[in-house]
Amino acid sequence: MGCIFLLMLLLNMHTLYLADDYTYFFSFADGKPMESVLQIIPSMQAHAGISNGRLIAHSFVQFFAILPRWVFDIVNAGMFTAQIALLCYISGYGVKRNAFFSAVVFSAIWMYQPLFGQVNLWQDGSCNYLWGIVVCLLFLLPFIRMFCAESGELLSGGWKKAGFLLLAFAAGAYYENTSAAAIFIAMLLTAMTAFFRKRNVSGYVFVAVLCACMGYISIYMAPAQLENKAAEMSFYVLFQNLIRAVEVYEEFGILLLAYAVMLILNISQRTDLKRNLLSLAFLAGSLAANFIMVFASYYKERTAASAVIFLVAADGIALYSLLENLRYRTAGVCIMAVTLIVCIPDFLVGVADIRDNYVRMKNNEAYIYACKDQGKLDIELENVVGSTEQSPVFEIKYLDTKSPDEWPNNDMARYYGLNSITAIQPKE
């Protein structure tokens with residue numbers, strides 16, 4: 001875990017501000033630079049009417065816009081490490097921990113999560129996708145314990161219960177598909193506790209789920225949410241969106257195939273039924289996170305981040321069950337070893353691409369400051385395009401190549417105190 005944290009810290013330190021980051025440096029209420037935490041509330045009130053209802057995530061973005069970049073680098077590396085730790089804890093719940101497994105989880109995410117750099121390194125993307133996943137996994141932990149333990153109690157202690165209700169609301173209000181999938185998993189675990197475990201479920205459990213649902217509804221109470229994010233409710237549009245959702249899920253479909261094989265082996269060996277049901281709940285959550293996007297106006301690959309993570313959790317639970325079975329332990333270890341070996345080339349190429357794009361962007365930034373010192377406020381910058389999905393610049397608009405008046409050129413120029421930035425093609 002320490003190595004993962006240091007690696008992600010290094011990669012974060014090699015990621016500069018990008019695209020929406022420049023937009024969130026300014027208040028949506030009055031357009032002034034973000035300099036105080038008190039500016040966040042009116043800014044988010046305006047944001048709800050202009051952009052979308054993800055106010056918690058974008059409050060974090062504007063909070064870190066006030067602070068030095070290195071603060072976000074440290075916190076974000078910690079959030080990614082927390083995600084790995086939570087996945088390992090959930091996968092190995094109730095059995096002996098396997099330190100080797102954490103490297104396997106990292107490898108699976110590195111290789112199969114679409115647009116890894118935008119999800120885990122880009123400041124605006126991380127606050128929306130990575131952080132939302134961590135919040136939702138924390139929300140699901142008590143439901144997992146409730147299902148796997150001998151009691152229908154979710155939590156004990158007044159302060160814990162009160163605090164968890166706030167967490168439940170935040171998990172529901174964080175991100176459209178991630179929050180919906182987490183609520184769905186929580187409902188499944190509650191139902192399975194009652195019907196498969198034959199346990200009485202306390203009323204507090206339903207209150208917690210209700211708080212999460214209220215949080216989710218709050219996203220759609222933003223005036224701009226339905227206008228900007230909801231799809232047209234016609235058969236043709238929904239069918240096209242379904243095709244798009246299948247295409248996105250296919251990008252990491254190998255994780256689904258691996259799960260199917262491991263589930264069949266677990267069922268044939270009659271491994272722990274609770275763990276098999278738990279893995280199926282996370283599989284259902286992964287499918288929900290993906291196919292709820294049928295009702296969205298568009299589906300960018302980075303939005304599939306939570307679908308991948310919930311599928312990795314399902315795989316991890318199934319794999320742990322095989323590791324506990326003497327007959328298939330060797331096969332399980334081989335699966336982990338192969339995953340690590342296959343990841344090595346992707347890892348090296350991805351890190352090199354992140355470094356290369358960082359150097360290009362850093363050179364652009366140095367050129368900006370040199371021009372400002374000379375009083376030149378209308379400048380030309382080389383466009384930067386990533387070549388691997390691990391780079392945050394991959395498939396994202398670093399600069400608009402048509403007009404200096406378009407986004408993000410205008411917000412980038414405003415951030416650096418320039419009149420205009422015109423994009424030019426990079427040198428070979």
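Under the classification rounded if a/c is under 1.5, otherwise prolate if a/b is larger than b/c and oblate if not, where does the stretch 1-155 fall, given a ≥ b ≥ c as square roots of the Cα gyration tensor eigenvalues? Because a/c hits 1.5 or more and a/b fails to exceed b/c, the stretch 1-155 counts as oblate.
Screening the chain for whole DSSP H helices with an alpha carbon extent of at least 18 angstrom along the helix axis and a mean Kyte-Doolittle hydropathy of at least 1.6 yields 99-112, 131-148, 203-220, 253-268, 305-323. Could you tell me the distance between the Cα centroids of the stretch 39-101 and the stretch 304-326, to the nearest Å? The stretch 39-101 and the stretch 304-326 have Cα centres separated by 22 Å.
Entry note, the stretch 310-428: relative contact order of 21 percent, from Cα contacts under 8 Å with a spacing of 6+ residues. Of the solvent-accessible surface of the stretch 186-344, computed with a 1.4 Å probe over protein heavy atoms with every protein chain present, carbon and sulfur atoms account for 71 percent.
With a cut-off of 17 Å on the backbone N, the residues of the stretch 336-362 near the modelled label site 7 Å out from GLU395 along Cα-Cβ are 350, 354.
Only helices enter the 222 nm calculation for the chain: every DSSP H run of n ≥ 4 contributes -39,500 (n - 2.57), and dividing by all residues gives -22000 deg cm²/dmol, rounded to 500.
Counting lysine pairs in the stretch 326-413 whose alpha carbons fall under 22 angstrom apart, excluding pairs fewer than 8 residues apart on the same chain, gives 4. Annotation for the stretch 109-187 versus the stretch 338-359: alpha-carbon center distance of 28 Å.
What shape does the stretch 198-288 have by the C-alpha gyration tensor, where a ≥ b ≥ c are the square roots of the eigenvalues, rounded means a/c under 1.5, and otherwise prolate means a/b greater than b/c and oblate the rest? Since a/c reaches 1.5 but b/c is at least a/b, the shape of the stretch 198-288 is classed as oblate. Ordering VAL135, VAL261 by accessible surface, largest first, gives VAL261, VAL135; the 1.4 Å probe counts only protein heavy atoms, with every chain in place.
Charge dipole (Cα centre; +1 on Lys/Arg Cβ, -1 on Asp/Glu Cβ; no other charges) of the chain amounts to roughly 1800 debye.
Would you be so kind as to identify which of PRO223, CYS213, ALA288 lies farthest towards the positive end of the dipole of the stretch 166-319, taking Lys and Arg as +1 and Asp and Glu as -1 on Cβ and the Cα centre as origin? Result: CYS213. With the contact rule set at Cα under 8 Å and sequence spacing of 6 or more, what percent relative contact order holds for the chain? For the chain, the relative contact order is 20 percent. All other residues whose Cβ lies under 14 angstrom from that of PHE139 are scored, Lys and Arg at +1 and Asp and Glu at -1, for a net of +3.
Using a 1.4 Å probe, how large is the accessible area of ILE264, given in Å² and rounded to the nearest 10? Roughly 110 Å² of ILE264 is accessible to a 1.4 Å probe. In percent, rounded to a whole number, the relative contact order of the stretch 47-120 is 19, using alpha-carbon pairs under 8 Å and six or more apart. Within the chain, the longest run free of trypsin sites (Lys or Arg not before Pro) that sit in a DSSP loop with at most 16 other Cβ atoms within 10 Å is 98-197.
Between ALA65, ALA186, TYR416, the Cα set farthest toward the positive side of the dipole of the chain (charges on each charged residue's Cβ, about the Cα centre) is that of ALA186. Of the accessible area of the stretch 1-59, computed with a 1.4 Å probe over protein heavy atoms only, carbon and sulfur atoms account for 70 percent. Solvent exposure of the chain, expressed per residue, is 44 Å² of accessible area, with all protein chains present and a 1.4 angstrom probe.
The values are calculated or read from the model by the stated rules, or taken from the named source; none is laboratory data. Everything numeric in this text was worked out from a predicted model, so none of it was measured. FYI the Cβ positions are ideal-geometry reconstructions off the backbone, even for glycines, and counts take in every protein chain you see. For accessibility, only protein heavy atoms count, side chains too; no ligands or nucleic acids. Shrake-Rupley method; radii C 1.70, N 1.55, O 1.52, S 1.80 Å.
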